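Coordinate-derived values only; no laboratory data. Note that this is a predicted model, so its numbers are computed, not measured. Reconstructed Cβ throughout: ideal geometry from the backbone, glycine too, with neighbour counts over all protein chains shown.
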Amino acid sequence: MKWTRRHVLDTDDWSRDEIETVLDQTRAMIEILQRPIRRAPPLRGRTVILFFAEASTRTRVSFELAAKALSADVTNITASGSSVEKGESLYDTVRTLQALGGDIVVMRHASSGAPYFVAERTDAAVINAGDGWHAHPTQGILDAYTLRDALGDLDGKRIVIVGDVLHSRVARSDINTLVPLGVRITLSGPPTLMPMAWRCGQPPREVTYEPDLDRAVDGADGVIALRLQRERQESGLLPSLREYSRVWGLTAERVARMRPGAPVMHPGPMNEGIEIDSAVAHGAHSLIETQVTNGVAVRMALLYLLAGSGPAIPVEERA
Amino acid sequence: MKLEGRYIEAPGFIDLHAHLREPGFEESETLATGAHAALHGGFTTVCAMPNTDPAIDTAALVKEVYARAPGWAEGARVWPIASITRGRKGKELADLVELAQAGAVAFSDDGSPVDDARLFRSALEYARSAGRVVIEHPQDLALSAKGVMHEGSVSARLGLPGMPAAAEETAVARDIALARMTGARVHLTHLSTSGSIDLVRRAKADGVSVTCDVTPHHLAMTDEWVAGSRAFAWEVQDEGLRGVPYDSSTKVNPPLRTRADVRALWAGLADGTVDAIATDHAPHASTKKDVEFDQAAFGISGLETAVPLILGGVRAGWASLPTAIAALTTGPARVLGVDPLEGDHVVIDQEAEWVVTPESFFSLGKNTPLMGRSLIGKVDIAVIGSTKRRGGQRVAKAIAGR
């Protein structure tokens with residue numbers, strides 16, 4: 001299919017065709033990454049600006065490698081974590097980005113929705129590299145790629161996502177990317193860390209909540225454990241990390257309840273011993289390092305597709 | 001109220017709840033621009049909330065608001081509401097009797113609920129003896145926490161912290177219990193949930209002296225607006241019209257709720273549970289809104305779009321026109337304990353279509369999710385004390401020639 005999207009802000013309205021186009025493109029990029037010289041020319045002369053307003057070495061480096069592998073010029077803008085506290089407003093940063101004239105802006109921001117704000121006000125294509133609790137589209141796509149690589153066709157497969165779903169942009173993007181591919185999702189974790197609406201009768205399509213992790217993983221085709229932020233205990237959402245790891249930690253016994261060979265994933269960075277046992281994290285079924293490798297290829301695929309989606313409509317000419 | 005073809009002639013509207021921002025925040029609104037905007041929206045009287053800087057918490061400041069408010073030639077009559085507590089800090093009572101004597105028409109710490117129930121009880125006892133109503137913004141701050149929109153399926157999808165309906169309803173229940181105990185008149189402002197309306201309906205049936213209002217935006221918009229919908233609650237779908245998700249003009253406190261809540265507010269209007277429609281006009285300078293959604297100020301500039309929003313619901317059959325007009329006139333007058341003002345009246349053109357633009361507002365606050373939208377229904381003439389007319393010349397002549 002022909003790629004028509006200008007931005008990658010969220011995958012919530014993407015069709016199965018669009019997701020599969022990116023997955024197919026990713027396979028081609030993996031081939032480039034396996035060559036002795038990991039470099040191809042399609043983004044030569046294009047500028048990719050990495051705007052990370054929230055600390056993230058892993059995702060930033062992944063995008064940087066992806067952009068460089070496609071021969072793009074890469075520039076970093078680091079901005080304050082919170083515009084209000086540190087004095088520089090996102091509005092100011094957007095004016096700067098617009099003046100710099102990059103072709104693609106890759107952004108990470110602590111506020112849900114911030115990429116929409118930027119996309120409205122610049123001519124560049126915007127890729128959301130994680131915004132607040134909202135979305136992390138490239139993580140969702142790389143998880144889909146990794147799962148499909150491990151399991152084949154995902155139609156009818158059941159994947160468990162366990163942990164702090166409420167505050168997790170990864171969980172939201174995994175749901176939005178996997179469900180159109182035919183996956184059923186079981187969420188598990190403490191009720192205080194699940195969106196209330198999703199527990200009480202209004203879950204997204206093909207998503208169910210099962211508080212008992214042993215039951216959730218029973219016969220599942222794979223599991224994604226989410227990172228638990230330690231401050232959840234201080235804010236009264238958890239009694240203790242010890243209890244959490246006993247009730248919702250991913251142990252070898254729980255992994256053994258899934259279908260034989262079912263993969264274990266985690267978006268990183270991990271708190272080993274809290275949400276995941278070390279033996280599981282580094283065990284035979286762990287795809288956690290594969291996720292990191294695939295991440296570069298997924299980001300290359302998106303950069304490539306966006307660069308080919310035609311010129312921007314300048315801000316001042318938009319209706 | 002009289003109907004003449006497309007024109008409605010009604011007594012002048014009274015807004016129980018507007019933020020005119022002066023003194024202290026004149027970049028967002030002034031008494032002059034706010035009063036002008038009020039008259040443009042059909043409100044011949046506007047009650048100014050005291051969350052200014054300084055807060056209106058002394059007799060001298062109440063008199064200052066009267067002195068600074070423009071004359072009737074320039075805008076609506078401005079009636080100051082004084083704060084309940086000194087500096088609106090919720091710690092000690094302001095001099096409520098003196099404030100009433102100076103002309104404060106009501107008391108409110110709006111924006112900050114009086115969290116301390118014992119202090120709120122004292123405020124009610126005092127207000128009762130001063131002969132004034134207490135207007136309370138019901139919100140349990142611990143429960144609403146850092147929420148920026150209604151907690152529900154939309155906040156779950158957007159990954160925004162939510163304010164549950166219960167954060168309003170627990171406060172409504174507390175305030176009703178205190179009104180019952182003290183016998184004081186308590187007015188609950190900008191109720192937004194179905195549960196709140198149920199609580200007030202039951203309290204009224206029990207004879208508790210509680211009244212309440214709802215806003216035009218809570219009568220017209222749902223939490224889906226935060227996700228980019230621009231369909232009014234009575235419309236089935238968007239008809240191709242969509243906003244951008246996370247538009248901070250949809251950020252308001254209390255937050256836009258679900259369609260079921262909106263229906264309950266209209267049902268409350270229809271059965272008399274809801275006494276008034278008040279705008280909670282909350283103008284903001286663009287610097288407060290042109291930021292990330294979670295950092296943006298709460299509030300919608302509402303004085304100049306109230307009439308078309310309300311008429312939209314009336315056209316959809318969600319309440320009768322006389323009910324809606326009463327909620328803008330006799331309803332708020334009864335809440336304040338005043339007689340409707342002789343001579344004040346408005347003429348509304350029910351069919352006039354107009355587009356909301358920054359230039360169409362007299363208010364300095366252009367913060368509304370209706371920006372750019374075509375609305376039906378416009379105030380053509382507003383008359384205060386038989387002295388001043390505003391609006392379309394053609395209709396002015398028609399009225400004069402009658």
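The table that follows gives values for the structure above.
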| read-out | value |
| --- | --- |
| Degrees separating the helix A:288-307 axis from the principal Cα axis of chain A, which is the longest one | 30 degrees |
| Chain A: angle of helix A:90-100 to the longest principal axis, Cα-based, in degrees nearest 10 | 50 degrees |
| Residues with amide H under 5 Å from that of residue A:108, placed H, sequence gap 5 or more | A:51, A:52, A:53, A:54, A:129 |
| Taking A:254, B:373, A:172 and counting other C-beta atoms within 10 Å, the order from fewest to most | B:373, A:254, A:172 |
| Packing-based exposure ordering (other Cβ within 10 Å, fewest first) of B:378, B:89, B:2 | B:2, B:89, B:378 |
| Bridge type composition, the protein assembly as shown - antiparallel percent by DSSP, nearest 5 | 25 percent |
| Angle between chain A longest axis and helix A:137-151 axis [Cα atoms, degrees, rounded to 10] | 50 degrees |
| Chain A - charge dipole about Cα centre, Lys and Arg +1 at Cβ, Asp and Glu -1, debye rounded to 20 | 480 debye |
| DSSP bridge orientation in chain A - percent antiparallel, rounded to nearest 5 | 5 percent |
| Mean residue ellipticity (222 nm) of chain B, computed from DSSP H runs ≥ 4 via -39,500 (n - 2.57), nearest 500 | -9500 deg cm²/dmol |
| Karplus-derived HN-Hα couplings along the stretch B:198-211 (A = 6.51, B = -1.76, C = 1.60, θ = phi - 60°), whole Hz, x at Gly and Pro | 4, 5, 5, 4, 5, 4, 5, 4, 7, x, 6, 7, 10, 10 |
| Order of A:276, A:77 under a 10 Å beta carbon neighbour criterion, fewest first | A:77, A:276 |
| Interchain or long-range residues, amide H under 5 Å from residue A:194's placed H | A:166 |
| Amide H contacts of residue B:377 (H built 1.01 Å from N, under 5 Å, at least 5 apart or other chain) | B:352, B:353, B:354 |
| Gyration tensor (alpha-carbon) shape descriptor, chain B, a/c threshold 1.5 | rounded |
| ³J(HN,Hα), Karplus 6.51/-1.76/1.60, whole Hz, each residue of the stretch B:351-362, x for Gly, Pro | 10, 5, 9, 8, 10, 6, 10, x, 6, 6, 9, 7 |
| Rounded, prolate or oblate (a/c below 1.5 giving rounded, otherwise prolate when a/b exceeds b/c) for chain A by Cα gyration tensor | prolate |
| Tensor-based shape of the protein assembly as shown (alpha-carbon gyration tensor, a/c under 1.5 rounded, otherwise prolate or oblate) | prolate |
| Calculated [θ] (222 nm, deg cm²/dmol) that DSSP helices of n ≥ 4 give over chain A, each run adding -39,500 (n - 2.57) | -11500 deg cm²/dmol |
| Gain upon complete extension [residue B:26, residue B:373; 0.36 nm per residue less C-alpha separation] | 122.2 nm |
| Estimated inter-spin distance, residue A:206 and residue B:259, nm [label 7 Å along Cα→Cβ] | 2.5 nm |
| Calculated from backbone phi, Karplus (6.51, -1.76, 1.60) coupling profile of the stretch B:21-36 in Hz, x at Gly/Pro | 6, 9, x, x, 10, 5, 6, 9, 5, 10, 4, 5, 5, x, 5, 5 |
| Antiparallel DSSP beta bridges within the stretch B:13-342, percent to nearest 5 | 10 percent |
| 30 Å Cα-Cα threshold exceeded, pairs from B:204/B:366; B:89/B:378; A:2/A:68; B:2/B:366 | B:204/B:366; B:89/B:378; B:2/B:366 |
| Relative contact order [Cα under 8 Å, 6+ residues apart], chain A, whole percent | 20 percent |
